[in-house]
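The structure under discussion appears below in the form of structure tokens.
The values are calculated or read from the model by the stated rules, or taken from the named source; none is laboratory data. Bear in mind the structure is a predicted one, so any value in this text is a computation, not a measurement. Glycine gets a Cβ as well: all are built from the backbone with ideal geometry, and neighbour counts include every protein chain shown.
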Amino acid sequence: MKCGYNISILGMKTLIKNTENVLSKKEILDRMYCDDLEQRLTITPLINKKYINEGSVDVRLGTEFIVSKRTNYSLIDPLDEDIETVINVYQDRLYVKLGKGLILHPNQFILGCTFEYVKFPQDLIGYVLGRSSWGRVGLVIATATFVNPGFAGVITLELTNLGNTPLRLYPGIRIAQLSLHGIANLENSDDQIKQSKYFAAIRPEFSKIHKDDDWKLLKYIKNRRYEIAKIQLV
């Protein structure tokens, strides 16, 4: 089966100049059953083809979560030398079996993930959209909604209850829609694809914000100012 664009997965950088129209149901199915592994869209396990819509695929809530807890730390500062320890202490992992429920209280925030593992070819991008039925009772399912080309892993869901009433969430329920788009213009490079900090995750991951390259420069500036201040006090 032929499908999509003839693009090598290795040594590519993606420059999105604009995107094509959202993929139709037929195009989504063609990509999922494509013989070319580099152009195949993987969404697994997909229980029923009725979850594939015109333009999107319904995805379900997974069984693993990260919940925040009270600690002795007053704040999260990415420039703190102990930031990784603070993040690990601030959050706990929680596993909820299928058939069991998890209560999300008003204004509570937790990290979840999709039940499905997804893998995108280099010429597709995705957007994670909340289902209207959940939005009407106050549930927000994601703040970081963009899925990069080449992404592989479960999709993290940033779950917040903005309503006034607790919500019971069950692993396995349809929680979001994954809208799929083709990239119309690509620029290739011989450089290796830079992988995300969360690439190929199979469960929600603790924040790795402190591993962003930006912080190296900011930490250097902070330390230099501290050293200059010490000299001025002498």
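Worth pointing out:
- All positions within the range 81-124 that are among the hydroxyl-bearing types (Ser, Thr, Tyr) and over 18 Å from the mean Cα position of the chain (by Cα): 85, 90, 95
- Residue match in the range 132-147 (condition: in contact (Cβ under 8 Å) with a residue 60 or more places away in the chain, of a type outside the set (A, V, I, L, M, F, W, C) and either assigned to a loop (DSSP other than H, G, I, E, B) or in contact with a Phe, Trp or Tyr (Cβ under 8 Å, 6 or more places away or on another chain) (or both)): no
- Of 70, 93, 31, 60, all but one fail to be of a type outside the set (Gly, Ala, Ser) and in a helix (DSSP H, G or I); the exception is 31.
- Qualifying residues in the range 125-167 (those that are aromatic (Phe, Trp, Tyr) and crowded, with 17+ Cβ neighbours inside 10 Å) - the one nearest to residue 61 (Cα to Cα): 134
- Close Cβ contacts (under 7 Å, 6 or more residues apart or on different chains) running from residues in the range 107-126 that are closer than 25 Å to residue 36 by Cα to residues that are part of a strand (DSSP E or B) and of a type in the set (Ser, Thr, Tyr) comprise 116/44; 117/44; 118/42; 119/42; 125/19; 126/179.
- Residue 42, sole failed condition from (1) under 29 Å from residue 214 (Cβ atoms); (2) polar (S, T, N, Q); (3) modelled with pLDDT of 95 or more: (1)
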